[in-house]
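Report on one structure; see the data block that follows.
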Amino acid sequence: MRTRRVAWGAMIFTVAIDGPAAAGKGTISRAVADRFGFRHLDTGLLYRAVGVKGGDPATAARTLLPEDLTGTDLRTLAAGQAASQVAVIPEVRAALTEFQRRFARAEGGAVLDGRDIGTVICPEAEVKIYVTASPEVRAHRRWLEVGGEEAQVLHEVKDRDARDMGRADAPLRPAPDAVLLDTSTMTITEAVGRACALVEAALSARKRAGGHG
Ligand code: C5P
């Protein structure tokens, strides 16, 4: 895909990409950030790092360091489960909020992917996309990455969905103005193309309106 690096200068522009586990958020977010030269934050990593750190989760969230986000153990199924368990704790979410907000609204454009970016972290995001796919499709994709028993991966995907959608604080749900992108029957190229087209349209609309930040 054509990469377009533009000096966005003082522009503040946020792309919020939310959705359940293994829907394709990470791949789409990285591709969008790369295409438009925006910074990217995988917010799930913050919760994963808190989940695997041990000790009191709220303290772990308040004292999180950049090096905590580089562990190779953060991508495992176990880390995903640990993340969704600490993510229900309001003190953990509150401790991680300010960093995410600053990242989203710093100059130069940002893509954040997570569960509550369009609803809680940055409701003013210029583009909001809710990426989803059926649980079976998502479990199959995750199983191709992590191996093991596919039925067990499906069980964990459904378990995490239920916890993320059912929690009281910042539950996973599409923002009212989010564009839904169901990737169940899409290729990665199609999904990335749709997301980039939405960003392109929002940037063009801003340019026509004469806004730049
Ligand atoms: O996106 P990822 O699968 O890495 O996220 C791991 C877990 O972290 C999610 O299942 C969810 O419980 C939590 N999370 C969250 N809010 C975010 C990002 C992740 O609650 N913005």
If one compares the long axis through the Cα atoms of helix 44-53 with the longest principal axis of the Cα atoms of the chain, the angle in degrees, nearest 10, works out at 30 degrees
Burial-style ranking of 11-18, 184-191, average other-beta-carbon count within 10 Å with highest first, yields 11-18, 184-191
Taking protein heavy atoms only, a 1.4 Å probe, and rounding to whole percent, the accessible area of the stretch 14-199 owed to carbon and sulfur comes out at 57 percent
With the 1.4 Å probe rolled over protein heavy atoms, the stretch 14-199 has an accessible area per residue in Å² of 44 Å²
Placing one equal point scatterer on each C-alpha of the chain and summing with Debye, one gets log10 I(q)/I(0) at q = 0.12, 0.14, 0.18 Å⁻¹ equal to -0.61, -0.84, -1.35
So the angle from the long Cα axis of helix 25-36 to the longest Cα principal axis of the chain, reported in degrees to the nearest 10, equals 30 degrees
Surrounding charge for LEU69, neighbours by C-beta under 13 angstrom, Lys/Arg +1, Asp/Glu -1, total -1
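The values are calculated or read from the model by the stated rules, or taken from the named source; none is laboratory data. Worth saying up front: this structure is predicted, and the values here are computed from it rather than measured. Please note: Cβ atoms are built from the backbone with ideal geometry, for glycine as well, and neighbour counts cover all protein chains shown. These accessible areas exclude ligands, DNA and RNA; they are computed on the full protein's heavy atoms, side chains included. Shrake-Rupley method; radii C 1.70, N 1.55, O 1.52, S 1.80 Å.
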